[in-house]
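Structure first, then comments.
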Amino acid sequence: MELTIEEKKFLLKVARKAIQSIFTSEEIPKADYEKYPNLKNKAGAFVTLTEYGQLRGCIGFIVSDKPLYETVIDAAISSAQNDPRFPPVRKSELENIEIEISVLSEPFPLNSYDDIIVGKHGLILEEKGRRGLLLPQVPIEHNMNKEQFLDAICQKAGFPAGYWRTKQLKLSGFTAIVFNEKELEEK
């Protein structure tokens, strides 16, 4: 999927308005699918919130049966209110929150660790009834190499860091279109 600059800016605006709507009766802008045709496509998406450069919430959907526009709204509200790692975002924090959106490709199987391209592929680990997901930007932001990225996905799914060395794990990969308010000057 491709997104125009205008579509990215609109999605960021929608994500912010969705979070603000938790505290106000302000309406979320409706999608004009003639103006923004890609927003009606079905795709998974994650919304990441940071405050002063620190993670404040990140929730999303690997795949979605809803239009991207609706998926981003759901992910933004969930990221602000339902990330179990953090208390819900307070209204007083909104001006300090930065929003990043990751629009995911369809997941694909990774049959070998050699197939992983750090910085391009996100990882999904499904093993023994557990699941963990790391977005493609995570290893770049944390200066991880492939081995550290594999350690991190194991830990995210509740396994020890080196678990991937003991067996070939059931991994899927995906790519993402990643954009944020800072780079598009939307806030």
Within segment 126-137, does at least one residue satisfy the condition of being free of Cβ contacts under 8 Å to residues at least 60 places away in the same chain, surrounded by 21 or more Cβ atoms within 10 Å (Cβ to Cβ) and over 15 Å from F179 (Cα atoms)? yes
Residue match in segment 148-155 (condition: crowded, with 18+ Cβ neighbours inside 10 Å and charged (D, E, K, R)): yes
For a quick check of your reading: which strands (runs of 3 or more DSSP E) sit entirely within segment 128-187 and have at least 3 residues that are farther than 28 Å from E51 by Cβ and touching an Asp or Glu at 6+ places or on another chain (Cβ under 7 Å)? none
Close pairs from segment 20-43: first within 14 Å of I77 (Cα to Cα), partner of a type in the set (S, T, N, Q) and exposed (fewer than 12 other Cβ atoms within 10 Å of the Cβ), Cβ under 6 Å, at least 6 apart: none
Quick one: in segment 86-98, which of the residues that are without any contact (Cβ under 8 Å) to a residue 60 or more places away in the chain and touching a strand residue (DSSP E or B) at 6+ places or on another chain (Cβ under 8 Å) is surrounded by the fewest Cβ atoms within 10 Å (Cβ to Cβ)? N96
Restrict the check to segment 22-30 and report whether at least one residue is under 18 Å from the mean Cα position of the chain (by Cα), acidic (D, E) and more than 15 Å from L135 (Cβ to Cβ). no
Within segment 87-145, how many residues are under 18 Å from A157 (Cβ atoms), under 16 Å from the mean Cα position of the chain (by Cα) and β-branched (V, I, T)? 2
Flagged in segment 71-90 as closer than 19 Å to L135 by Cβ and part of a loop (DSSP other than H, G, I, E, B), in numbering order, are N82, D83, P84, R85, F86
Flag if L150 is outside the structural domain of S64 (by TED's automatic domain parsing), in contact with a strand residue (DSSP E or B) (Cβ under 6 Å, 6 or more places away or on another chain) and among the hydrophobic types (A, V, I, L, M, F, W, C): no
Restricting the search to segment 99-118, which residues are loosely packed, with under 13 Cβ neighbours inside 10 Å, closer than 15 Å to E147 by Cα and not charged (D, E, K, R)? S112, I117
Quick check: anything in segment 91-110 assigned to a helix (DSSP H, G or I), farther than 30 Å from I5 by Cβ and modelled with pLDDT of 95 or more? yes
Return the pairs, sorted by first residue and then second, in which the second residue is in a strand (DSSP E or B) and of a type in the set (K, R), the first residue lies in segment 46-59 and is surrounded by 19 or more Cβ atoms within 10 Å (Cβ to Cβ), the beta carbons are less than 7 Å apart, and the residues are 6+ apart or on different chains. L49/R56
Please determine, by comparing only the residues of segment 2-45 that are hydrophobic (A, V, I, L, M, F, W, C) and more than 27 Å from F174 (Cα to Cα), which one is surrounded by the most Cβ atoms within 10 Å (Cβ to Cβ). I28
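The values are calculated or read from the model by the stated rules, or taken from the named source; none is laboratory data. Predicted, not measured: the structure shown is a model, and the values here were computed from it. All Cβ positions, glycine included, derive from the backbone under ideal geometry; neighbour counts span all protein chains shown.
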